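So the structure is just underneath, and the comments pick up after that.
The values are calculated or read from the model by the stated rules, or taken from the named source; none is laboratory data. Fair warning: this is a prediction, and the values are worked out from it, not measured in the lab. Note: ideal-geometry Cβ built from the backbone for every residue, glycine included; neighbour counts use all protein chains shown. SASA here: full protein model, heavy atoms, side chains in, ligands and nucleic acids out. Shrake-Rupley method; radii C 1.70, N 1.55, O 1.52, S 1.80 Å.
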Amino acid sequence: MKVIIAEKPSVGREIARVFGATTKKDGYMEGNGYTFTWAFGHLLQLAAPQEYGYYGWSVQNLPMLPAKFKLAIRKVKTKDGMVDDPGVKKQLDIIKKLFDEATEIIVATDAGREGELIFRYIYYYLKCKKPFKRLWISSQTDEAIKDGFRNLKPGSEYDTLFNSAHCRSQSDWLVGMNATQALSLASGTRGVLSLGRVQTPTLAMICARYLENKNFVPQLYYQVAIYPDKDGQVFKAISEKNFKTREEAQAIIDLVTGEGHIQNVEAKPRKEPPPLLHDLSSLQQEANKRKGFTADQTLGLLQNLYEGKLVTYPRTGSRYIGDDVFAGVPDLIDKLNSHPEFGKQAAALTGAKLNKRCVNAKKVTDHHAILPTGVVPQHLSADHQAIYDLVAGRMLEAFHQDCIKEVTRITLLSGSKFIASGTVIQTAGWRAVFNDKDEEKKDEENVTLPKVTQGEDLQITEKVLLEKQTKPKALFNEASLLKALETAGKEIEDEELREAMKEGGLGTPATRAAIIETLLTRKYILREKKNLVPTETGLAVYEIVRHQRIAHAELTGTWEKRLEEIRSGGSVAAFQEEIKTYTRAITQELLQAGKSFKAPVAI
DNA sequence: GCAAGGTC
């Protein structure tokens, strides 16, 4: 008997279906001589410190450097503390039984570093010795699955991938557990002051932005506005220059004559291509902007829709689909014909030539972009419907035509130069789907200008001296933070590190919402309206670690570079030694620096 | 009591 193991039930069942295996069992399926089972993501994790004899939290234990890491069943929090997750334990027992009966195992976990780790942890924990082969596919269409099975790879080809995954896992444990205990113990507070490769740079970004915003000194500057009249239609034009002093601006306003001479009119059409399909992060950002949902709420709602088979896999980092999936898109659009909000747009797209900007198999990673499945939703809650509509609406947008705008820029002379600019949508294209106002342009600039011609002289109806202030960068909200996490590392000077982070940024699509929640749970940050702002605790932690490596995205860049080297055959031992050295160093530093932790005043 | 990673 051959046993196929997938990362999650949806994939396991999908592969079973392609094989024509229809017999449903508890935790697996079988048919045609194959058995199809699955994990639920990571079933196993590196064991907690006490499993290596490091009892309690004690400076004597630090740094904790287990000679050999152990695996433990994933835990859940209950009122009696952390216990083995019963569902996970049950599934592991099922997998064990199937592996025991197997002649061969086929590994069908996701094609990536963590997918490899999910399987290997199970395999080694169960002390399984059966031979295994690897299915490596990046699309789950019937053809891709069949093709993958015709090209199964020897399991050992992925040993170095497992090595890199295991190193990632151990390194996060070593640095995170030790740094957390060191800071918590040294600070003299009783609480947990957690630190980690991802959460600490995230906290640092929020704190740095908050302080920058708070300490920002606005600069005053001045502009002159004039209001020319074209056949009764009055519009606004602003001085070409900004002025540092009121006097300079006053000198300009004094020069304004009763007339404005049209020196130049530029009217250019501008094509605006449709947005790409959603990946998890872009959807979380959109839902935060439009609906005020947190990243965590959006992920939860989307997971429910996925379990109801209404949308495709949610935790994707790709905004593209392959040609195979694209083939099904016309049907998906057709299914939206009766949608109350988008029905008309769906109908308009039916039979039209579809924009293929988001069709690119090379840019599909483990999973493709989020799409509706074509199953028509019924009785969704308002929140679920809102998320569903963002997915469905985005699909219509993505395959729609360009939006064509006309951007007009009028230059007037009235003593000095003045500029009026405006944008008019000529053909809505994809923007017809949600029919919102143009978000890029603020209302002031997004105006219709009258038709004027070069050489015309217009009467100036009014002139005004404007006093303005420079503005600080906005505080982070969930949407802008998610974006910042995605692009973290883009500014790193070292080219190789920047390159190593290019794909991922900080964290992964599946974990970013959880990172934000961790910072909230630790009371490092608070939600203040839509903004994320640091608490006094968060700022005090930031103050201690801000100049250390653990507070910067570069740490992830360094690791990613080394992990890639390991994947292509580089030394595991050398990296592990470096991590140990770093762990010793950061533990010592924090035991010292943590003493100056200024406990916030208790409320 | 603690990381980051995956998922129900």
Inset, instruction - Please find the FRET efficiency linking A:Val192 to A:Asn215, where r is the Cβ-Cβ separation and R0 is fixed at 30 Å, and quote it to the nearest 0.05. - result: 0.55
Inset, instruction - Over chain A, with every protein chain in place, what whole percent of the accessible area is carbon and sulfur at 1.4 Å, could you tell me? - result: 51
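Over chain A, what is the percentage of antiparallel beta bridges among all DSSP beta bridges, to the nearest 5?
80
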Legend entry - Mean separation of Cα contacts under 8 Å (6+ apart) over length of the stretch A:36-145, as relative contact order %: 25
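Heavy-atom accessible area per residue, the stretch A:283-395, 1.4 Å probe: how many Å²?
Values: 5220 Å² over 113 residues.
That works out to 46 Å² for each residue.
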Legend entry - Above-threshold pairs, the threshold being 31 Å between Cα atoms, out of A:Lys236/A:Lys483; A:Lys335/A:Lys363; A:Lys68/A:Lys309; A:Lys79/A:Lys523: A:Lys236/A:Lys483; A:Lys68/A:Lys309
Inset, instruction - With all protein chains present, calculate the accessible area of A:Val375 using a 1.4 Å probe and round the result to the nearest 10 Å². - result: 70
Inset, instruction - Determine the gain in length on full extension of the stretch A:Asp147-A:Thr448; use 0.36 nm per residue of separation and subtract their C-alpha separation, reporting nm with one decimal. - result: 102.8 nm
Inset, instruction - Go ahead and collect, in residue order, the members of the stretch A:144-185 whose backbone nitrogen is under 18 Å from a label point 7 Å along the Cα-Cβ direction of A:Thr511. - result: A:161-181
Legend entry - Degrees, to the nearest 10: A:159-187 long Cα axis against longest axis of chain A: 80
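How high is the relative contact order of chain A, in percent, with contacts defined as C-alpha pairs under 8 Å that are six or more residues apart? Provide the component values of the computation, followed by the final result.
On the way: 1076 pairs, mean separation 111.8, N = 603.
Relative contact order for chain A comes out at 19 percent.
How much net charge surrounds A:Arg409 when only other residues with a Cβ under 9 Å from its Cβ are counted (Lys, Arg +1; Asp, Glu -1)? Write down the numbers at each step before the final one.
Numbers: positive: A:Lys268; negative: A:Glu266.
Result for the neighbourhood of A:Arg409: 0.
Mind giving me the FRET efficiency for A:Gln250 and A:Ala428? R0 is 35 Å, r the Cβ-Cβ distance, nearest 0.05 is fine.
Working: r = 43 Å, r/R0 = 1.24.
The value I calculate is 0.20.
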Legend entry - Length added when fully stretched, A:Val76-A:Thr22, from 0.36 nm per residue minus Cα-Cα: 16.2 nm
Legend entry - Contour excess over end-to-end distance, with Cα ends at A:Lys68 and A:Thr461 and 0.36 nm allotted per residue: 133.4 nm
Legend entry - Debye, to nearest 20: dipole size of the stretch A:2-151, +1 on Lys, Arg Cβ, -1 on Asp, Glu Cβ: 260
Legend entry - Where the stretch A:2-151 is the region considered: accessible area per residue in Å², 1.4 Å probe: 49
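Given the pairs A:Lys490/A:Lys530; A:Lys271/A:Lys362; A:Lys75/A:Lys580; A:Lys70/A:Lys530; A:Lys8/A:Lys473; A:Lys268/A:Lys353, which span a C-alpha to C-alpha distance of over 30 angstrom in this model? Could the numbers behind the result be given before it?
Values: A:Lys490/A:Lys530 26 Å; A:Lys271/A:Lys362 25 Å; A:Lys75/A:Lys580 26 Å; A:Lys70/A:Lys530 41 Å; A:Lys8/A:Lys473 41 Å; A:Lys268/A:Lys353 26 Å.
Listed pairs above 30 Å: A:Lys70/A:Lys530; A:Lys8/A:Lys473.
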Inset, instruction - For helix A:113-125, report the angle its Cα long axis makes with the longest principal axis of the Cα atoms of chain A; keep it between 0 and 90° and round to the nearest 10°. - result: 20
Legend entry - Relative contact order of the stretch A:283-395, pairs being alpha-carbon contacts under 8 Å that are 6 or more residues apart, as %: 36
Inset, instruction - For the stretch A:482-559 and the stretch A:1-29, write down the distance between their C-alpha centroids in whole Å. - result: 38
Legend entry - Square roots of 5 times each gyration tensor eigenvalue, C-alpha, chain A, largest first, Å: 51, 35, 20
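Can you list, largest first and rounded to whole Å, the semi-axes you get for the stretch A:2-151 by taking the square root of 5 times each eigenvalue of its Cα gyration tensor? Provide the component values of the computation, followed by the final result.
Working: eigenvalues 221, 52, 36 Å².
Ellipsoid semi-axes (Å, largest first): 33, 16, 13.
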Legend entry - Principal-axis tilt of helix A:86-101 within chain A, Cα atoms, nearest 10 degrees: 60
Legend entry - Surrounding net charge for A:Phe216, when Lys and Arg each add one and Asp and Glu each subtract one, Cβ distance under 11 Å: +3
